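To start, the structure itself, in structure tokens.
The values are calculated or read from the model by the stated rules, or taken from the named source; none is laboratory data. Keep in mind the model is a prediction, meaning the values are calculated, not measured. Counting neighbours? That spans all protein chains shown, and the Cβs are built from the backbone with ideal geometry, glycine included. Just the protein is used for accessible areas: all its heavy atoms, side chains included, with ligands, DNA and RNA removed. Shrake-Rupley method; radii C 1.70, N 1.55, O 1.52, S 1.80 Å.
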Amino acid sequence: MRKLSLLLFSLGCFTVAFSQSLEVYPSHWFTKMNWNKVQLIVRSKDQVLSGKKVNTVYSGVKVSGVDSFPNKRYLAIQLNIGSSANPGIIPIQIFSGDDTLTLNYVLKPNRPGKGKDYAQGVRSSDIIYLLMPDRFSNADPSNDVVRGMRDKEVNRNNPLLRHGGDLQGVTQQLDYLKNLGITTLWLNPVNENDMPLEKEAAGMLSGYHGYWFTDHYKVDERLGGNEAYKKMIEAAHQKGMKVIQDAVYNHIGIEHWIYRDAPAPDWINPWPTYTGSNHKEEMLFDPYASDKDKKRLLDGWFVPHLPDVNQRNPYVANFLIQYAIWATEEYGLDGWRVDTYKYCDEPFLNRINTALQKEYSSLTQFGEAWTNSVSGNAYFTKNDMPVPFHHNMMGGVDFPLNGAILEALNQPEGWTSGINKLHMTLAQDFLYEQPLNNCLFLDNHDTDRFFSMVGEDMNKFKQGIGLLFTLRGIPQLYYGTEILMKNFKNPSDAMVRLDFPGGFPGDAVNKFTAIGRTAAENEAYNYIQQLANYRKKSLPLQVGKTKQFLPVNGVYVFTRTHKNQTVVCVLNRSGEAREIPFREYEESFTGFSKAMDALTGEMFLQALKIGAGQFRIFELRK
């Protein structure tokens, strides 16, 4: 073990020294990987590399191809790494005549414990907690401002600027999250965002949210850098928790070298003048759609400072695929959430998903395709619909179900509205190959806060939380929902991304502790904690089959059944208490004579009772 540690230390040190002259992507690779034909993009800031020859002498490794680009300071080297290759430093000679450069490329041992200690996958038995590192907890104020980076502004009084939260702060709050019942962390992107302030509708905005990548292979130093990320993930794993990384394939920050110093012009989707996406996913499956509209959906830019990446370019595609594999291996990730999924080249999406699955059979991914319909959402996942392209994504961020839950809580019951909208939306689950793989949520960093959306009504809040933890799929909780953080996206998204009170030096209150929370906040926290920890023990809620009944007089009943265990969930949206006779739902109650409230232990015979505006969970007993 000591020899291996010394080797890894020396390899890491060499990588830092080497990066001062040339840059190479991926920064290093690993032994015994399925992806063993590695595309190295070598970049020089001041030397011509185009046309040079490449060779190496290293047991089990050979150079099988070299390509030049219009930008003559780049080379693409195809490096074949055989199964017999051992960890070490691969000397790669780049030469022309007597002019020789030596690229000492690091080959690390692959990470042990695949599928068990990392790349575990995230499933419907898990509970995800989404947090924004810059706004969650600041344990190291010394990295709030980093010399040499374009954005040096830190001001917690301005929601559009950086606030200083970091990965060490997340590490310090892992016990809080574990005690809440969380099994999985999903952080907004941690990749370097070395961008200046950019003008958006609300004013001059920083890249505090993480979606403006300028270097894929660096974790932003203001969050603590690569080592802080590794330590956070290791600490989470030691506590039995998993970590999802947020991927962005669709675009990069305008200061990324892929845009500012591209190997070739076609690495970015160009337009004569700025052209934004139309955001209409229907263009991909509409039998009447025009090619013009489809191109604008896929190739249009998100905003002027986020260039749209061309995944149809094979070098770009390999770059993105290799980064996803590299990050999983380097950091020990357990899954991926893919941002702006519907805007990417479709064959590329299937290719990167396949590559990750081939490398890590237990790894899971879900895509964010903010769609207008269930059919649209299902289109981007595995399905049997007669559509022009079949995606292989395991599951999606379930925006249609999110909208249906909010309508059920906020709108009166109608033929297709209110709780009937929820019933109708779930009835369309036949469009998905596996709806259990969808990520279910009440709010996230792109939506209004849930507590605000239900009018700060505690009954509605509990109804929504109850549905989140009992409906099919993978529940995702947004940071601060458990302490009733609220707000609308007015005048910008930043208003729903405020700081977690107590996570920053000098905070007047610390809501990570019960004593720092109000009575209402503790009521919300305790309810979520109780439900989350109950769900973690309930196989019916994790993986059970769903049966739903038509809503009657404002009451919606559904069951989750696994083997001989059945859980009955009841949402009462009416203004009065209701009694639910067993006989009206006998197809689910057959063989059972009583029911127990899962949270209070209260027993019921012949009929369930539920108060006005309540959500209750019952375990059926014989």
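Within segment 37-65, restricting attention to residues that are farther than 27 Å from residue 356 by Cβ and of a type in the set (A, V, I, L, M), the residue that is surrounded by the fewest Cβ atoms within 10 Å (Cβ to Cβ) is 57. When 583, 621 are checked against the criterion of being among the basic types (Lys, Arg), open to solvent by 10 Å² or more (accessible area, probe 1.4 Å) and touching a Lys or Arg at 6+ places or on another chain (Cβ under 6 Å), 621 stands alone in meeting it. Within segment 521-565, if we keep just the residues that are open to solvent by 10 Å² or more (accessible area, probe 1.4 Å) and closer than 15 Å to residue 592 by Cβ, the residue that is farthest from the chain's Cα centre (by Cα) turns out to be 564. Can you confirm whether segment 145-163 contains a residue that is open to solvent by less than 50 Å² (accessible area, probe 1.4 Å), under 21 Å from residue 513 (Cβ atoms), in contact with an Asp or Glu (Cβ under 9 Å, 6 or more places away or on another chain) and assigned to a loop (DSSP other than H, G, I, E, B)? Yes, some residue in segment 145-163 is open to solvent by less than 50 Å² (accessible area, probe 1.4 Å), under 21 Å from residue 513 (Cβ atoms), in contact with an Asp or Glu (Cβ under 9 Å, 6 or more places away or on another chain) and assigned to a loop (DSSP other than H, G, I, E, B).
In segment 193-208, of all residues being open to solvent by less than 20 Å² (accessible area, probe 1.4 Å) and not in a strand (DSSP E or B), the one that is nearest to residue 320 (Cα to Cα) corresponds to 193.
Please find, within segment 388-420, the residue that is nearest to residue 472 (Cα to Cα) out of those that are part of a loop (DSSP other than H, G, I, E, B) and open to solvent by less than 30 Å² (accessible area, probe 1.4 Å). Quick ask: steps written out before the conclusion?
Restricting attention to segment 388-420, the residues satisfying the condition of being part of a loop (DSSP other than H, G, I, E, B) are 388-394, 398, 411-418.
Pick out the ones that are also open to solvent by less than 30 Å² (accessible area, probe 1.4 Å) and you get 391, 393, 398, 414, 418.
On the way: 391: 21, 393: 18, 398: 11, 414: 24, 418: 19 Å.
Per the criteria, the residue is 398.
When both residues are 6+ apart or on different chains and their Cβ atoms are under 7 Å apart, which pairs have a first residue that lies in segment 535-554 and is on the phi > 0 side of the Ramachandran plot, and a second that is open to solvent by 30 Å² or more (accessible area, probe 1.4 Å)? From segment 535-554, the pairs are 554/413; 554/573. Considering segment 230-283, the residues that are under 22 Å from residue 180 (Cα atoms) and part of a loop (DSSP other than H, G, I, E, B) include one that is least open to solvent (accessible area, probe 1.4 Å), namely 241. If you check 34, 110, 80 for being modelled with pLDDT of 95 or more, open to solvent by 20 Å² or more (accessible area, probe 1.4 Å) and either farther than 17 Å from residue 329 by Cβ or in a strand (DSSP E or B) (or both), only one passes: 80. Of all residues in segment 560-587, those that are more than 20 Å from residue 409 (Cβ to Cβ) have Cβ atoms under 6 Å from Cβ atoms of residues that are small (Gly, Ala, Ser) and in a strand (DSSP E or B), 6 or more apart or on another chain, in 579/607; 581/607. Just one of the listed residues (591, 575, 611) is modelled with pLDDT under 95, open to solvent by 10 Å² or more (accessible area, probe 1.4 Å), more than 36 Å from the chain's Cα centre (by Cα) and closer than 23 Å to residue 461 by Cα, namely 575.
One residue stands out among those in segment 164-192 that are touching a Ser or Thr at 6+ places or on another chain (Cβ under 6 Å) and part of a loop (DSSP other than H, G, I, E, B): the one that is most open to solvent (accessible area, probe 1.4 Å), which is 173. Annotation: residue 504 fulfils all but one of (1) of a type in the set (Phe, Trp, Tyr); (2) within 30 Å of residue 579 (Cα to Cα); (3) open to solvent by less than 20 Å² (accessible area, probe 1.4 Å); the unmet one is (2).
How many residues does segment 342-380 hold that are over 24 Å from residue 34 (Cβ atoms) and aromatic (Phe, Trp, Tyr)?
4
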